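The values are calculated or read from the model by the stated rules, or taken from the named source; none is laboratory data. Since this is a predicted model, take the numbers as computed values, not measurements. Note that we place each Cβ from the backbone using ideal geometry, even for glycine, and neighbour counts take in every protein chain shown. Areas reflect the complete protein model, heavy atoms only, side chains present, ligands, DNA and RNA absent. Shrake-Rupley method; radii C 1.70, N 1.55, O 1.52, S 1.80 Å.
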Amino acid sequence: MKLYNLKDHNEQVSFAQAVKQGLGSQQGLFFPLELPEFELTDIDAMLEMDFVSRSSKILSAYIGDEIAPHQLAERVKTAFAFPAPVAKVSEDISCLELFHGPTLAFKDFGGRFMAQMLSYVSGADEQITILTATSGDTGAAVAHAFYGMENVRVVILYPQGKISPLQEKLFCTLGGNIETIAIDGDFDACQALVKQAFDDEELKKAIGLNSANSINISRLLAQICYYFEAVAQLPQEKRNQLVVSVPSGNFGDLTAGLLAKSLGLPIKRFIAATNANDTVPRFLQGGSWTPNATVATLSNAMDVSQPNNWPRVEELFRRKTWRLTDLAYGAVSDETTEASMRELADIGYISEPHAAIAYRLLRDRLQEGEFGLFLGTAHPAKFKESVEAILGQALPLPQALADRAGLPLLSHAMQADFAPLRAFLLKA
C-alpha cells in the first residue's frame, strides 16, 4: 500500500511507514494512492460475513501484501473483540452503537487496531513515544489500547476542565507507560502543541514520535469497518435508501464513512453533524473557511474549530469527482441538544449529547422512503452528570467506569506552551 502526503504529493510512504510516522512533512496527512472499490456482488457477499472476516477483507484492500491475510485477520480479531450493534430507535431510524468496547466509545476500534498495527510494524527494540491530543474519548481508547506495551510511552494532552470527569478518570488513572497532561486551553491548543512537536525533527528522532489521533491512517482505516457492520445488520429493503448522520468534531468518523462509500457500500448520503463549533457547516454553506474560537458545549468531544481530517474529505471528493454540495450538514445548539436527548428518552432510548446532535439533524432531514442511521459514539454514562441533569433520572455506571471512578488522577498540569512540553517529552 502506498500513501501520499496531502501537502507534498511527492512524499509517498508504505502503510508501515505511515503508521510509524503518523504525519508527513509540513504536518501533511497521509492518504491512499489507490482507492479500491468492490464490485456489487462482492459487497453482497461481504455483508454476509462475520465482522472480523469482513473487516479483514476491507483492510486488506488498502494494506495489500504488506501484511499477510492470516496475520492481519489475527490482529483484527484481537482489536475488534466487541460488537457494534444497530439499535432500533423508531420505525425509520436506528443507532449504530459504537460504545461496547473497553472504554465505551467508538475510538476503541481505531485505537486498538492502531496498537496492533504499530506492534506489528515496529522492531522489537524500537522505542516509540505516542503523543496525542484528546477532546474526550481518544485519550481513553489510546491509553487502554497501549497500556502495558513494552517500548511504548504514551503522552496524552487534554483541555483542563473541558472533558467530563468520568472521561478523565478512564485514562488519567492508569499510570505506568501512560502519562497525561491537562493543558490550560481548549482542544485546538492541545492539537497545536502536538503539531509543533511533529515539526521538531530533533525531538521526533530523539523520542521516536508518533501520533494516535485520527490523523494516523491505521485508526482511520479501522473505522471504515463498522459502517459495513451497520449495513450488514439492516434488512435488504433498508440498505438502498440509507442516510447516515455522523456527530463530527475532528471529522475522522465522517472520513471513514465516506471511504466506506468509496469502496462501494450503498450509503445514499451523509449528514455532517456539528455543535456550535460549526466551521465545516459554515464552509459548506458559504464557501469560506473561517474557524472561530472554540466554544465549550455539552458535546465536548466535538469542540473542535479546526478539524484535522477535513483535507482528507476534500481530497476524497476531488478524487471521486463527488460534489461537496451533496454532503448534508448542520449545527445544533446546546438547547436543542438537550431537547433531543429528552425526545429520545421519551421514545425509550437513552442517549448522550454527541449522538443526540446526529439524531436531531437526521430526524429533521430524513425524506419519505429513506432509512436513517445515526452514530452513537459514546456510552451515556461517560457523561453521567450532564445526562442525569438533563433527563432527570439516574444512570447506572457500567463496570468499566465504576472500576476507575474512585481512583486518583495522575495528570500533570501545563500551560499551552511548547517549551515545557518539549522538556517533558525529552525527560527519560
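Structural remarks
- The stretch 17-31 - residue that is touching an Asp or Glu at 6+ places or on another chain (Cβ under 7 Å) and assigned to a helix (DSSP H, G or I) and, of those, most open to solvent (accessible area, probe 1.4 Å): Q26
- Filtering the stretch 350-399 to residues that are within 20 Å of the chain's Cα centre (by Cα) and not hydrophobic (A, V, I, L, M, F, W, C) leaves S351, E352, P353, H354, Y359, G376, T377, H379, P380, K382.
- Conditions (1) of a type outside the set (G, A, S); (2) surrounded by fewer than 22 Cβ atoms within 10 Å (Cβ to Cβ); (3) in contact with a helix residue (DSSP H, G or I) (Cβ under 8 Å, 6 or more places away or on another chain); (4) within 24 Å of G123 (Cβ to Cβ): number failed by L209: (2)
- Residues of the stretch 418-428 classified as surrounded by 13 or more Cβ atoms within 10 Å (Cβ to Cβ) and in contact (Cβ under 8 Å) with a residue 12 or more places away in the chain, total: 5
- Selection count where residues are buried (at least 21 other Cβ atoms within 10 Å of the Cβ) and free of Cβ contacts under 8 Å to residues at least 60 places away in the same chain, scope the stretch 147-156: 3
- Filtered by the rule that a residue be among the hydroxyl-bearing types (S, T, Y) and open to solvent by less than 10 Å² (accessible area, probe 1.4 Å), the stretch 250-288 gives T255, S262, T274, T279.
- Of all residues in the stretch 36-57, exactly one satisfies the criterion of being basic (K, R) and in contact (Cβ under 8 Å) with a residue 60 or more places away in the chain, namely R54.
- Of everything in the stretch 315-324 that is open to solvent by 50 Å² or more (accessible area, probe 1.4 Å) and charged (D, E, K, R), the residue that is farthest from N277 (Cα to Cα) is R319.
- Evaluated against (1) surrounded by 24 or more Cβ atoms within 10 Å (Cβ to Cβ); (2) closer than 20 Å to S299 by Cα, H100 falls short on exactly one condition, (1).
- Considering the stretch 118-146, and only residues there that are hydrophobic (A, V, I, L, M, F, W, C) and either open to solvent by 10 Å² or more (accessible area, probe 1.4 Å) or in contact with a His (Cβ under 9 Å, 6 or more places away or on another chain) (or both), the residue that is farthest from Q306 (Cα to Cα) turns out to be A124.
- Cβ separations smaller than 8 Å between residues 6+ apart or across chains give the following pairs from the stretch 163-179 residues that are at positive phi to residues that are in a loop (DSSP other than H, G, I, E, B) and open to solvent by 10 Å² or more (accessible area, probe 1.4 Å): G175/L410; G176/Y147; G176/G148.
- The stretch 1-14, subset within 20 Å of A115 (Cβ to Cβ) and in contact with a Pro (Cβ under 9 Å, 6 or more places away or on another chain), residue least open to solvent (accessible area, probe 1.4 Å): L3
- Among residues of the stretch 195-215 that are farther than 12 Å from A423 by Cα and assigned to a strand (DSSP E or B), those with a Cβ under 6 angstrom from a residue that is open to solvent by 10 Å² or more (accessible area, probe 1.4 Å) and of a type outside the set (S, T, Y), sequence gap 6+ or separate chain, pair up as N210/I128.
- Qualifying position, being modelled with pLDDT of 95 or more, out of contact with any Phe, Trp or Tyr (no Cβ under 8 Å at 6 or more places or on another chain) and farther than 30 Å from R360 by Cα, among L174, L157: L157
- Residue count for the stretch 98-129, restricted to those that are in contact with a Ser or Thr (Cβ under 6 Å, 6 or more places away or on another chain) and in a loop (DSSP other than H, G, I, E, B): 2
- Taking (1) touching an Asp or Glu at 6+ places or on another chain (Cβ under 6 Å); (2) under 22 Å from A256 (Cα atoms); (3) buried (at least 24 other Cβ atoms within 10 Å of the Cβ); (4) not β-branched (V, I, T) in turn, A115 satisfies each apart from (1).
- Residues of the stretch 59-96 that are closer than 16 Å to Q233 by Cβ, open to solvent by less than 30 Å² (accessible area, probe 1.4 Å) and within 21 Å of the chain's Cα centre (by Cα): F80, F82, A84, A87, S94, C95, L96.
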